[in-house]
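Working notes, beginning with the structure itself.
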Amino acid sequence: MATEQSVMAAIRAARPSFRTRYDKVSFAVNAAFVAAGYVLHATGPSAFADDALSSSSADEVGLDNWNDVEDNYAFVYSNPDKSSKKVLVKCLVMNDKLLVDVLKEGGSKPLHLEVDVGEYVEENWGTNYGTQFKNLGKLVTSVNKEILDKLDDASASSSSSQPSSSERTSREDRPRLEVDDPQNPYISPYPGFIVPPVPGSGGSDLFPGPGAGMYPSRGDFDGGSMFVGPNDPRFFGGGTGGPGFPGGLPGVPPGARFDPYGPPGVPGFEPGRFVGGPRPPRGGPHPDLQHFHDGSDFI
């Protein structure tokens, strides 16, 4: 970022010759770029070429002929510390204003700044550069805010949009997301096919989980939903493979808040009657997406 002091130092170091007050403001803009770390590659007539950004050499040049074109000024810079792309700056005199347009190589929308020349130039034409400007700090602030800071932001965005080699490697090494049911994982018959988890083992009825085929699934308070299929692992005693509830216990787990299947003591409504059959073989559709089979034991 340029400062009033660094810009004045750049002006004094270059010792330019001014013919008009527009020369003064244009050179102050150039000095702001130099103070911000930019290197000059072309100026004057060569910087007005249609292919100035691509044809300018990478060599640093002097300020010869920088104000040879009346009421028009052009400079080509680069900032080696921030980007390899060049920047074209053109200044056009219009009435009492200096219109500054800045285009970065590869860009399509130039940055723009309008400068009221009379606000920053003294009519003093002596050899002391400090007395030829006024409100220089305000001019430098405008150049920083409307041009230099935005060029820096564009460079940072361009570099951050490209992932580093380590980031690309990390993405490639990530494991595939598989079905998250450790008790009865579904094995797809199609290699490389990823089956989204189906809710029913982790989302309670009070806080329901996502719909079938949606990511991610979640559990809450170790609850369970009523939305299960006939082959849900909870009907098979967890990892034991036998009928019943987790832990292999038939019927209702101890301490559970349980609603009876039917009126107590009525034949045909015993809790053990409603446990599932043997665990189905692997393959086929997801267990919670299967249709219920025929038979009186399925509600």
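Quick look at the values:
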| item | result |
| --- | --- |
| Pairs from 109/138; 86/138; 104/150 whose Cα-Cα separation, in the structure shown, is over 19 Å | 109/138; 86/138 |
| Protein-only accessible surface order, largest first, of 75, 18 at 1.4 Å | 18, 75 |
| Cα convex hull volume per residue for the stretch 92-161 (Å³) | 114 |
| Theoretical FRET efficiency, 1/(1+(r/R0)^6), r = Cβ-Cβ of residue 114 and residue 20, R0 22 Å, to 0.05 | 0.80 |
| Protein-only accessible surface order, largest first, of 24, 85, 145 at 1.4 Å | 145, 85, 24 |
| The stretch 6-118: relative contact order in percent, alpha carbon pairs under 8 Å with at least 6 residues between | 20 |
| Accessible-area ranking of 66, 125, largest first, probe 1.4 Å | 125, 66 |
| Surface share of carbon and sulfur [accessible, 1.4 angstrom probe, percent] for the stretch 24-120 | 46 |
| Sparse-neighbourhood loop sites, GluC sites (Glu not before Pro) in the stretch 1-83 - DSSP loop, at most 12 other Cβ within 10 angstrom | 60, 70 |
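The values are calculated or read from the model by the stated rules, or taken from the named source; none is laboratory data. What you see is a predicted model; the values in this text were computed from it and never measured. Because the Cβ atoms are built from the backbone with ideal geometry, glycine has one as well, and the counts that use them run over all protein chains shown. Each accessible area value is taken on the protein alone, full model and side chains, heavy atoms only, with ligands, DNA and RNA left out. Shrake-Rupley method; radii C 1.70, N 1.55, O 1.52, S 1.80 Å.
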